[in-house]
Amino acid sequence: MRPDRFGDPAAVRALVGRIGRLAEGLPRRVTFMEVCGTHTHAIAAAGLRRLLPSRVRLIAGPGCPVCVTPVGYVDRAEALARRPDVIVTTFGDLVRVPSSHGSLERCRAEGADVRVVYSPRDALAIAREHPRRTVVFLGVGFETTTPTVAAALAEAEASGVPNFRVLAGHKVMPPPMRALARDPAVQVDGFLLPGHVSVIVGARAFEFVSSELSRAAVVVGFAPTDVLQGVEALVRQAVEGRAEVENLYTRVVTPEGNLAARAVVDRFFEPADAVWRGLGLIPGSGLALRGAFAHRDAGLVEVEVCEPVEPRGCRCGDVLKGVIDPPECPLFGTVCTPAAPVGACMVSNEGSCAAWFRHGA
Amino acid sequence: MTARILLAHGGGGRLTQELVRELFVPAFSNPALAALSDAALPGALPPGRLAFTTDAFVVEPPVFPGGDLGYLSVCGTVNDLAVSGANPLWLSWAVILEEGLEVELLRTFVAGAARAAAEAGVQIVAGDTKVVPRGKADGAFVVTAGVGVVPPGADLGDHRVAPGDAVLASGAIGEHGATVMACRHGLGGEALRSDCAPLGSLATALRDSGVEVHAMHDPTRGGVATTCHEVASRSGTRIVLEQEAVPVRPPVAAVCDLLGLDPLYVACEGRLLAWVRGDQAERALEALRAHPQGAGAACIGRVEARIAGQAPVVLRTPYGSLRVLDLLAGAELPRIC
């Protein structure tokens, strides 16, 4: 498994060396947060944390869509799946996320029709095959995923597939970044901005990080050299006392993003308040289906859902905020493991706890 | 013969006989099977220790580039015997069919099984057919069992794996799993092909090379990482794999990247992993490379002593950092971005 040119070992060594020399000029230890699960995974898989000088700390923020999905959402999805006239379709890692009393995986073993798909369009195809049942797609994910769901909705509207609905749990990144930057318990000097999200929303959408929050930020890709270049830029800004937004992922990210994708999302969804697991309610951080598309809203399908039960002792919230590293949670590695996850951060490959457990720091 | 399998094909009557006489017996052609007695009596075992294994096969899609359910069902059992140090001899081939299955597809599986048996030099001497109503199975399930004999004096197993051993792979990994998954998701490309193959002669070539071979495995479900985990656990050692040395072909890497999978956890069906005495690694590689199935052989890691608290399997990245390779928690799942 030889890395491609973006993972070239010589280039990585050179970058690590440069970061080390730059870091000597830092007035204190600095902390940078990545807010994209794919970054968390990429950093862990290449073991990048261990290559950085001790004065540079990387922490993972709430960037894993599965991890920030609240218990109540999974409870509702389960309740829907238990209806015989409903097929629930979902991206894979959501099936193992603990709900109040089980998970979609267990619910499926008990007879519920839960199907893993790779794309919302696969869910749409299932809806066409089963015209007498309601096919619900679990719409979880950030700005990168939402356009694909919106595109499936557009196709359902255009080609007349009345039985396709979405349980909207989509989230957007800027509001939690604002909340984190303003939280006195969280110390973040700069952000590694989510590369995939930026492809859709454009680098300009993150200007607020410097103008409003006075933090440094860089848009970066996912190869080792991408991430390290980002870290180098953040260290340089810290040394020079700057707080700017830089785009280092110019091979795919433009200032304005993907306008077609943004338009289709805008057609179907509108900003709404949303609950983030561990972070609580954040105003304007979610996307709800517009009233005109109520017939597509699986949230309006009547099901009985109890008050959600959060796992006891789980510190996912503090992990998601970067306040603690996963091993500092009392459940980590003992009662909470990838095989038997208690908190959502242990479920997905991209979850901080799972990445930490699997790959080490 | 009808175009599709009927429930009556499993009833033991005329249609069952037709299936056996027209399809199975000619394809698997050997006297022990042709006798059609209650139990096959293929002959006396050569000297050595008996090796016996069984495996069940379900694959979607049932026909894929590089093989099919039938071919796979023979390779799987032959390979389990071969990596145990045994010379595979006789197999059974039982099939559970779903009512309505196209007979042509069954013919493909039977031909595939016969081809694999011929390549592996084994005989399919016993079999059984059951048919279940439509919807009670998915096309066809195959179960094979096999016996072989470990020659006198040979002793292969994880108990012999020790610090200092080299870990060898006979070729590029993840090819079977990546091919099947690419088919499932419509990502097929001509560059992808399952590595599915019987490993008997490759294993023999390595055993006969004079190199001190401690253990062999075929990294099927769970891939190379999972197999290494099992070996490290059973031998109480630590295995350090070198990321850059693990052969992964670019199309396999691309499919895995797209589907969010790690090639180290993706199944191979025709690759051999061998643990050999460290100072004989080069000679072992030469022996493997001299065989057509081992042309892409590489040394992918080393065995070390494990200190308490250490992870049993780690991967050294090209950047010098070590990454823990843990067991998969469950089925490998596609992820959300």
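The values are calculated or read from the model by the stated rules, or taken from the named source; none is laboratory data. Predicted model, so just to flag it, every value in this text is computed and none were measured. Positions of Cβ are generated from backbone atoms using ideal geometry, with glycine treated the same way; all protein chains shown enter the neighbour counts.
For region A:56-69, indicate whether the set of residues that are more than 8 Å from chain B (Cβ to nearest Cβ), closer than 15 Å to A:Leu234 by Cβ and assigned to a helix (DSSP H, G or I) is non-empty.
Within region A:56-69, none of the residues are more than 8 Å from chain B (Cβ to nearest Cβ), closer than 15 Å to A:Leu234 by Cβ and assigned to a helix (DSSP H, G or I).
How do the strands (runs of 3 or more DSSP E) wholly within region A:89-187 filter down when requiring 2 or more residues that are over 23 Å from the mean Cα position of the chain (by Cα) and away from chain B (no Cβ under 14 Å): which remain? Outline the logic, then answer.
Details: elements: A:114-116, A:134-141, A:164-171.
Output list reads A:134-141.
Among the residues in region B:70-84, are any within 21 Å of B:Ala145 (Cα to Cα) and assigned to a loop (DSSP other than H, G, I, E, B)?
There is at least one residue in region B:70-84 that is within 21 Å of B:Ala145 (Cα to Cα) and assigned to a loop (DSSP other than H, G, I, E, B).
What number of residues within region A:77-117 are crowded, with 18+ Cβ neighbours inside 10 Å and under 23 Å from A:Ala156 (Cα atoms)?
Final tally of qualifying residues: 14.
Does region A:306-315 contain at least one residue that is exposed (fewer than 15 other Cβ atoms within 10 Å of the Cβ), farther than 22 Å from A:Asp93 by Cα and in contact with a Lys or Arg (Cβ under 8 Å, 6 or more places away or on another chain)?
Looking for residues that are exposed (fewer than 15 other Cβ atoms within 10 Å of the Cβ), farther than 22 Å from A:Asp93 by Cα and in contact with a Lys or Arg (Cβ under 8 Å, 6 or more places away or on another chain), one finds none in region A:306-315, hence no.
Residue under question is A:Ala298, and the condition is that it be within 14 Å of chain B (Cβ to nearest Cβ) and farther than 30 Å from B:Val313 by Cα; does it hold? Working first, answer last.
Numbers: within 14 Å of chain B (Cβ to nearest Cβ): no; farther than 30 Å from B:Val313 by Cα: yes.
No, not satisfied.
Look through B:Gly153, B:Gly100 and report the one residue that is out of contact with any strand residue (DSSP E or B) (no Cβ under 7 Å at 6 or more places or on another chain) and at positive phi. Full working, then the answer.
Working: B:Gly100 fails: out of contact with any strand residue (DSSP E or B) (no Cβ under 7 Å at 6 or more places or on another chain).
So the residue among B:Gly153, B:Gly100 that is out of contact with any strand residue (DSSP E or B) (no Cβ under 7 Å at 6 or more places or on another chain) and at positive phi is B:Gly153.
I need the full set of residues from region A:188-222 which are part of a helix (DSSP H, G or I), among the aromatic types (Phe, Trp, Tyr) and within 17 Å of the chain's Cα centre (by Cα), in order please. Walk me through how you get there before you give the answer.
Applying the first criterion (part of a helix (DSSP H, G or I)) to region A:188-222 yields A:195-201, A:203-206, A:208-211.
Checking the rest, the ones that are also among the aromatic types (Phe, Trp, Tyr) come to A:206, A:208.
Hit for region A:188-222 is A:Phe206, nothing else.
Any residue in region B:294-309 that is surrounded by fewer than 17 Cβ atoms within 10 Å (Cβ to Cβ), away from chain A (no Cβ under 14 Å) and β-branched (Val, Ile, Thr)?
Yes, region B:294-309 contains at least one residue that is surrounded by fewer than 17 Cβ atoms within 10 Å (Cβ to Cβ), away from chain A (no Cβ under 14 Å) and β-branched (Val, Ile, Thr).
Looking at A:Arg215, A:Arg236, can you tell me which residue is among the charged types (D, E, K, R) and touching a Gly at 6+ places or on another chain (Cβ under 8 Å)?
Working: A:Arg236 fails: touching a Gly at 6+ places or on another chain (Cβ under 8 Å).
Matching residue, one of A:Arg215, A:Arg236: A:Arg215.
Limited to region A:94-111, what total is found for residues that are under 13 Å from A:Gly343 (Cβ atoms) and touching an Asp or Glu at 6+ places or on another chain (Cβ under 7 Å)? Break it down into steps so the answer makes sense when it comes.
So in region A:94-111, the residues under 13 Å from A:Gly343 (Cβ atoms) come out as A:96-99, A:103.
Okay, now just the ones that are also touching an Asp or Glu at 6+ places or on another chain (Cβ under 7 Å), so A:96, A:99.
The total comes to 2.
Scan (1) in a loop (DSSP other than H, G, I, E, B); (2) over 18 Å from A:Pro194 (Cα atoms) for the single condition A:Ala79 breaks and write down its number.
If we test A:Ala79 against (1) in a loop (DSSP other than H, G, I, E, B); (2) over 18 Å from A:Pro194 (Cα atoms), just (1) comes out false.
If you check B:Glu269 against the conditions, is it closer than 20 Å to B:Glu175 by Cα, surrounded by fewer than 20 Cβ atoms within 10 Å (Cβ to Cβ) and charged (D, E, K, R)? If you could, list the steps in order and put the result at the bottom.
Numbers: closer than 20 Å to B:Glu175 by Cα: yes; surrounded by fewer than 20 Cβ atoms within 10 Å (Cβ to Cβ): no; charged (D, E, K, R): yes.
Against the criterion (closer than 20 Å to B:Glu175 by Cα, surrounded by fewer than 20 Cβ atoms within 10 Å (Cβ to Cβ) and charged (D, E, K, R)), B:Glu269 does not qualify.
Please identify the pairs in which a residue from region A:61-75 that is of a type in the set (Gly, Ala, Ser) has its Cβ atom under 6 Å from the Cβ atom of a residue that is assigned to a loop (DSSP other than H, G, I, E, B) and at pLDDT 90 or above, counting only partners at least 6 apart or on another chain.
Hits for this filter: A:Gly61/A:Val35; A:Gly63/A:Val35; A:Gly63/A:Cys36.
In the list B:Leu206, B:Leu187, B:Leu202, which residue meets the criterion of being modelled with pLDDT under 95 and not in a strand (DSSP E or B)? Even if it seems obvious, please write down each step before you answer.
On the way: B:Leu206 fails: modelled with pLDDT under 95; B:Leu202 fails: modelled with pLDDT under 95.
Exactly one residue qualifies, and that residue is B:Leu187.
Kindly indicate which of A:Val342, A:Val303 is away from chain B (no Cβ under 14 Å) and either in contact (Cβ under 8 Å) with a residue 60 or more places away in the chain or closer than 22 Å to A:Phe91 by Cβ (or both). Quick ask: steps written out before the conclusion?
Details: A:Val342 fails: away from chain B (no Cβ under 14 Å).
Residue meeting the stated conditions: A:Val303.
Got a number for residues in region B:230-270 being touching a helix residue (DSSP H, G or I) at 6+ places or on another chain (Cβ under 6 Å), more than 14 Å from every other protein chain (Cβ to nearest Cβ) and of a type in the set (Ser, Thr, Tyr)?
1
If you go through region B:91-103 one residue at a time, how many are under 15 Å from B:Phe24 (Cβ atoms), touching a residue at least 60 places away in the same chain (Cβ under 8 Å) and surrounded by fewer than 20 Cβ atoms within 10 Å (Cβ to Cβ)?
Result for region B:91-103: 1.
For region B:310-323: of the residues being within 9 Å of chain A (Cβ to nearest Cβ) and either in contact with a His (Cβ under 8 Å, 6 or more places away or on another chain) or outside any strand (DSSP E or B) (or both), which is surrounded by the fewest Cβ atoms within 10 Å (Cβ to Cβ)?
B:Gly320
Take B:Gly10 and tell me if it is surrounded by 12 or more Cβ atoms within 10 Å (Cβ to Cβ) and modelled with pLDDT of 95 or more.
Values: surrounded by 12 or more Cβ atoms within 10 Å (Cβ to Cβ): yes; modelled with pLDDT of 95 or more: no.
Judged against the criteria, B:Gly10 is not a match.
Keeping to region B:244-255, report how many residues are more than 20 Å from the chain's Cα centre (by Cα) and crowded, with 22+ Cβ neighbours inside 10 Å. First the steps, then the outcome.
Step one: of region B:244-255, the residues more than 20 Å from the chain's Cα centre (by Cα) are B:244-245, B:250-251, B:253-255.
Next cut, crowded, with 22+ Cβ neighbours inside 10 Å only: B:255.
So the count comes out to 1.
Can you name every residue in region A:23-52 that is more than 14 Å from every other protein chain (Cβ to nearest Cβ) and in a loop (DSSP other than H, G, I, E, B)?
Across region A:23-52, the qualifying residues are A:Glu24, A:Gly25, A:Leu26, A:Pro27, A:Arg28, A:Arg29.
Any idea how many residues of region A:316-336 are at pLDDT below 85 and within 14 Å of chain B (Cβ to nearest Cβ)?
Residues flagged as at pLDDT below 85 and within 14 Å of chain B (Cβ to nearest Cβ) within region A:316-336 amount to 0.
Across region B:231-243, what is the total count of residues that are buried (at least 19 other Cβ atoms within 10 Å of the Cβ), farther than 14 Å from B:Ala162 by Cβ and within 22 Å of the chain's Cα centre (by Cα)?
The total comes to 1.
Based on this model, can you work out whether B:Glu22 counts as over 30 Å from B:Ala154 (Cα atoms), not aromatic (Phe, Trp, Tyr), not assigned by TED's automatic domain parsing to the domain that holds B:Leu202 and not in a helix (DSSP H, G or I)?
Criteria not met by B:Glu22.
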